[in-house]
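Worksheet: the structure to be examined is printed underneath.
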Amino acid sequence: MDPSLAEMTKAAIEILQKNEQGFFLLVEGGRIDQAHHENQAGKALSETLELEEAVQVALDLTPSEETMIIVTADHGQALSINGYPARKSDILGIGDVSGVDNIPYTILLYGNGPGYDAKTVGEEQEKEEENEKGGGVAGGGMGRRSDPSKANL
């Protein structure tokens with residue numbers, strides 16, 4: 001089994017602290033991004049907690065008066081909390097049923113990635129009209145929801 005991010009952070013700090021001139025250490029929770037790219041919200045959240053543990057290890061092992069710890073992201077993901085889920089709802093569960101098409105949707109929803117469909121409402125009609133004129137349709141837009149029962153949470 002691989003060491004955790006917190007274990008690797010601890011080992012790195014213990015080695016680097018031997019340098020009397022100080023050190024710079026970059027710790028990346030890269031699996032957060034990997035999970036988001038696969039629309040695996042549960043895994044992304046779990047990996048975020050792993051990063052939190054690593055930050056806590058760094059705080060515990062370094063003197064606050066001599067240490068600057070910065071926690072940031074290099075980019076974001078198109079993950080949103082949908083609708084108005086009831087308090088204490090499972091964040092990885094079904095949020096509600098759409099009033100438009102009666103399809104259930106998850107509380108957490110990605111706006112792109114696996115399952116994303118770039119067709120927009122009305123695009124099919126535009127495409128037909130353009131094809132009648134001999135042209136085509138370019139562009140994308142808002143995606144249609146995927147079937148949440150097939151979501152890899």
Any hit, the stretch 20-34, residues being of a type in the set (Gly, Ala, Ser), at positive phi and open to solvent by less than 80 Å² (accessible area, probe 1.4 Å): yes
Ser4 being surrounded by 13 or more Cβ atoms within 10 Å (Cβ to Cβ) and of a type in the set (Ser, Thr, Tyr): yes
Identity of the residue in the stretch 50-66, touching a residue at least 40 places away in the same chain (Cβ under 8 Å) and in a loop (DSSP other than H, G, I, E, B), that ends up most open to solvent (accessible area, probe 1.4 Å): Glu66
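The rows are residues; the columns are (1) outside any helix (DSSP H, G or I); (2) more than 24 Å from Gly111 (Cα to Cα); (3) open to solvent by less than 90 Å² (accessible area, probe 1.4 Å).
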position: Met8; (1), (2), (3): no, yes, no
position: Ala11; (1), (2), (3): no, yes, yes
position: Ser46; (1), (2), (3): no, no, yes
position: Met68; (1), (2), (3): yes, yes, no
All positions within the stretch 4-38 that are within 24 Å of Pro63 (Cβ to Cβ) and in contact with a Gly (Cβ under 9 Å, 6 or more places away or on another chain): Leu5, Leu16
Failed criterion for Asp96 (all others in (1) surrounded by 13 or more Cβ atoms within 10 Å (Cβ to Cβ); (2) touching a residue at least 12 places away in the same chain (Cβ under 8 Å); (3) assigned to a helix (DSSP H, G or I); (4) of a type in the set (Asp, Glu) hold): (3)
Positions within the stretch 4-36 being within 30 Å of Gly76 (Cβ to Cβ) and of a type in the set (D, E, K, R), in sequence order: Glu7, Lys10, Glu28, Arg31, Asp33
Of all residues making up the stretch 72-92, the number that are of a type in the set (A, V, I, L, M) and touching an Asp or Glu at 6+ places or on another chain (Cβ under 9 Å): 1
Any hit, the stretch 109-117, residues being at pLDDT below 85, within 19 Å of the chain's Cα centre (by Cα) and acidic (Asp, Glu): yes
Residues of the stretch 63-83 satisfying the condition of being within 20 Å of the chain's Cα centre (by Cα) and among the hydroxyl-bearing types (Ser, Thr, Tyr): Thr72, Ser80
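The values are calculated or read from the model by the stated rules, or taken from the named source; none is laboratory data. Remember, predicted model here, so these are calculated numbers, not experimental data. For neighbour counting, all protein chains shown are included, and Cβ atoms are generated from backbone atoms with ideal geometry for every residue, glycine included. Quick note on the areas: whole protein, heavy atoms, side chains included, nothing else; ligands and nucleic acids left out. Shrake-Rupley method; radii C 1.70, N 1.55, O 1.52, S 1.80 Å.
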